[in-house]
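Coordinate-derived values only; no laboratory data. Everything numeric here is computed off the predicted structure, so don't read it as measured data.
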Amino acid sequence: MVKNIMIILPTIEVVIVFLAAVFLVRRYADKVRTPTWCMILAYLGWFLGFSIAVFVPLDIFTTINMGHAAQLLIIWWNIFYWGTFALNWFIFPFAVSYLDAGEFTTKGKIVASLKA
């Protein structure tokens, strides 16, 4: 019974988080002026942020019932932690600098973003 709950419940929660992130990006992003890659980054940020709220109760439930964290949860925590870390410290700042850069070429924007 516990194994079924550990598979079904996270699957349902991830689908709900996925749909919520898609809804928020589609609702608040200007589809005409926003580049597609920016909308994908925004979706990824929303999804990773909301998913942590899904995995904390699941991790607590698993640890209480099994006495230790499941190996799959440890892998997911690493993916979400390092993914969120990379987005917040490297990718998002680079993307914002790229969009704010006043250069006319892609190469110029990349160089200006890396300098900033």
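Using 0.36 nm times the number of residues separating residue 82 and residue 14, minus their current alpha carbon distance, what extension gain do you get? Walk me through the numbers before you get to the answer.
Details: separation 68, 0.36 × 68 = 24.48 nm, distance 1.84 nm.
Net length gain for the segment: 22.6 nm.
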Problem set entry | Angle between the chain longest axis and helix 2-28 axis [Cα atoms, degrees, rounded to 10] | 20 degrees
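Averaging the inverse of every distinct alpha carbon separation and then flipping it gives the Kirkwood radius. What is it for the chain, in angstrom units? If you can, show how the numbers build up before the last one.
Details: mean 1/r = 0.0610 Å⁻¹.
Evaluated over the chain, this radius sits at 16.4 Å.
Add -39500 (n - 2.57) for each DSSP H run of 4 or more in the chain, then divide by its residues: what number comes out at 222 nm, to the nearest 500 deg cm²/dmol?
Values: 5 runs with 93 residues, N = 116.
So the calculated ellipticity at 222 nm is -27500 deg cm²/dmol.
Note down, for segment 42-103, the three equivalent ellipsoid semi-axes (square root of 5 times each alpha carbon gyration tensor eigenvalue), biggest first, whole angstrom.
Those come to 33, 10, 6 Å.
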Exercise. Hey, what angle do you get for helix 71-86 against the long axis of the chain, alpha-carbon based, 0 to 90 degrees rounded to 10?
Worked result: 20 degrees
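Length gain on complete extension for the stretch residue 63 to residue 100, per 0.36 nm per residue less the alpha carbon to alpha carbon distance?
Numbers: separation 37, 0.36 × 37 = 13.32 nm, distance 4.55 nm.
So the extension gain works out to 8.8 nm.
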